[in-house]
Amino acid sequence: MKDFLRIGIVGLGARGMDAVKRLPLVPGAQIVAICDPASPIPRVITPNCAFFYGAEGYKALCQQDLDLVYIATDWAHHVPVALEAMECGKAAAIEVPAALTLEDCWRLVETSEKTGLPCVQLENCIYGETEMLAQNLAEHGLFGNLVHAESAYIHRLFGPGCALAEPWRVNWNLEHRGNQYVTHALGPVCRILGIGRDDALDYLVSLECDSFDFKAFAREQNLTTSAASMGDHNITLIRTRKGRTILLRHDVSSIRQRGRFLHIQGEKGIFLDEPLRIAFEPQRNPADLPKIYEIEWQKPDELAATRTKYMHPLWREHGAVAKTADKHGGMDYLMDLRLVDALRKGIPPDTDVYDLAETCSIAEISERSVSSRSTSIPIPSFRQQ
Ligand SMILES: NC(=O)c1ccc[n+]([C@@H]2O[C@H](COP(=O)([O-])OP(=O)(O)OC[C@H]3O[C@@H](n4cnc5c(N)ncnc54)[C@H](O)[C@@H]3O)[C@@H](O)[C@H]2O)c1
């Protein structure tokens, strides 16, 4: 096991700066290089660190003595930096969405396979306390066979009255339809359903309303809109090879409650979040049959007991530290903790390049579906058969 994992960070905006503050709290993580075209990079936070500037500074960073390149740039630079990192013999970890086109998904898969280096997506929501509770309950078989899941990314960032943040993201959304920020919703669902282990995404249909609030926002900001501008509310339905369904929603413009609204449905139980509700099939008494059994939400004390008993072991062990370590209630820290630990030990990280490609491929495929009156479109299998 390596004493330290030597990390280079590329992109020092909001997320990169969060990582610079958070990673030093992770045992064995050592930030040794940082790159951003903007300057000055605040040296106070990282005293023993090499700095690289300019749009191509990441190429020099990738030549350094590093184990991992941690990429927190805007979307356009995720893939070029990750490819350069792997070609230089470094593992790559990429902020979400790691890639937005099928071609880029394949390039990451092929380069990771060719170099034998891990290439993972920094999908923090997989490590959310609630998501991991659902995962643990599912793994204990408490929902029985899983049949359906729902999740969402609902966060009003680009509605009328909102300030213009992340202009690169706005520009992308002005030219693309479909679900372009899918991984916070789909990442945890794939993990809970065992996608990539004993099930696979098969095909999808995607439908969205027109661009009402988003275009109003763009007009306020004097931005040019097009017929392809992202609809306000996108609904994408995926069917898995094992016959399960997944419903994903994406909305970054409407006036709505922010949330991911995780929903896991099994043959023996149901999990709904925001607010959290859990119900299990009641014990059947044959003498009562043929009574129709209503499923009832657990009472507050039962729900609290379930949460305590089935808190994920990662949260049980590290939750208290995690909650103080980041801005997202602990999930960023736990994501980093697991990644650094795996790379120090030389074992596979929790997720791989195939998980990355499967979730990221939905952006282009959902756009194709939306643009063809919601035609059903196959989701490619990125894994070697
Ligand atoms: N996981 C999460 O919860 C979460 C939350 C917010 C954003 N994100 C993702 O994180 C990424 C960054 O988002 P952000 O809000 O920090 O954006 P940002 O615009 O604040 O920061 C991006 C940074 O990348 C830098 N950059 C651009 N080109 C570069 C290059 N060639 N080399 C090095 N640096 C370069 C920019 O100068 C900027 O500082 C995006 O992919 C976004 O989708 C994830």
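Once the Cβ-Cβ distance of E274 and K309 is raised to the sixth power relative to R0 = 25 Å, the FRET efficiency obtained is 0.70. A dipole drawn for the chain from +1 and -1 charges on Cβ atoms has a positive end, and of T130, L117, G243 the residue lying farthest that way is T130.
Isolated cysteines of the chain, defined as having no other cysteine beta carbon under 4.7 Å away, are C35, C49, C105, C119, C125, C162, C190, C209, C360. Surface calculation, 1.4 Å probe, protein heavy atoms: L174 sits at approximately 10 Å² accessible.
Along its three principal directions, the equivalent ellipsoid of segment 171-315 from the Cα gyration tensor extends over semi-axes of 38, 18, 16 Å, largest first. Positive end of the dipole of segment 5-122 (Cβ unit charges, origin at the Cα centre): among Y70, I94, N48, the Cα lying farthest that way belongs to N48. Across the cross-link table entries K268/K309; K21/K114; K59/K114, which are compared at the Cα atoms, the separations over 23 Å belong to K21/K114.
On a per residue basis, the convex hull of the C-alpha atoms belonging to segment 121-211 measures out at 142 Å³.
Surface analysis of the chain yields an accessible area of 45 Å² per residue, using protein heavy atoms and a 1.4 Å probe. From helices alone, the chain scores -11000 deg cm²/dmol at 222 nm; the rule is -39500 (n - 2.57) for each run of n ≥ 4 DSSP H residues, then divide by the residue total.
Considering only beta bridges that DSSP places wholly inside the chain, some 50 percent are antiparallel. Share of carbon and sulfur in the accessible area of segment 162-270 stands at 50%, probe radius 1.4 Å. When the alpha carbon coordinates of segment 274-385 are projected onto the principal axes, the ranges are 51, 47, 31 Å, largest first.
Distance distribution note for segment 1-87: the fraction of Cα pairs above 22 angstrom is 16%. Principal-axis analysis of the Cα atoms of the chain puts helix 183-193 at an angle of about 50° to the longest axis.
Expressed as a whole percent, the accessible surface of segment 5-122 that belongs to carbon and sulfur atoms is 54, based on a 1.4 Å probe. Once Rg and the Kirkwood radius are both taken over the C-alpha atoms of segment 83-235, their ratio Rg/Rh works out to 1.01. Between D202 and Y53, the modelled labels are 5.6 nm apart [label points 7 Å from Cα along Cα→Cβ].
Kirkwood Rh, Cα Rg: Rg to Rh for the chain? Rg divided by Rh gives 0.98. Basic side chains Lys and Arg get +1 at the Cβ, acidic Asp and Glu get -1 at the Cβ, and with that the dipole of segment 5-122 about its Cα centre reaches some 420 debye.
Grouping the Cα pair distances of segment 330-385 into 10 Å bins from zero gives a pair-distance distribution of 20, 32, 27, 17, 4 percent in increasing distance order. Ranked by the mean number of other Cβ atoms within 10 Å per residue, highest first, peptides 265-277, 61-73, 202-214, 296-308 order as 61-73, 202-214, 265-277, 296-308.
The values are calculated or read from the model by the stated rules, or taken from the named source; none is laboratory data. Fair warning: this is a prediction, and the values are worked out from it, not measured in the lab. Here the Cβ is made from the backbone with ideal geometry for all residues, glycine too, and neighbour counts use every protein chain on show. Quick note on the areas: whole protein, heavy atoms, side chains included, nothing else; ligands and nucleic acids left out. Shrake-Rupley method; radii C 1.70, N 1.55, O 1.52, S 1.80 Å.
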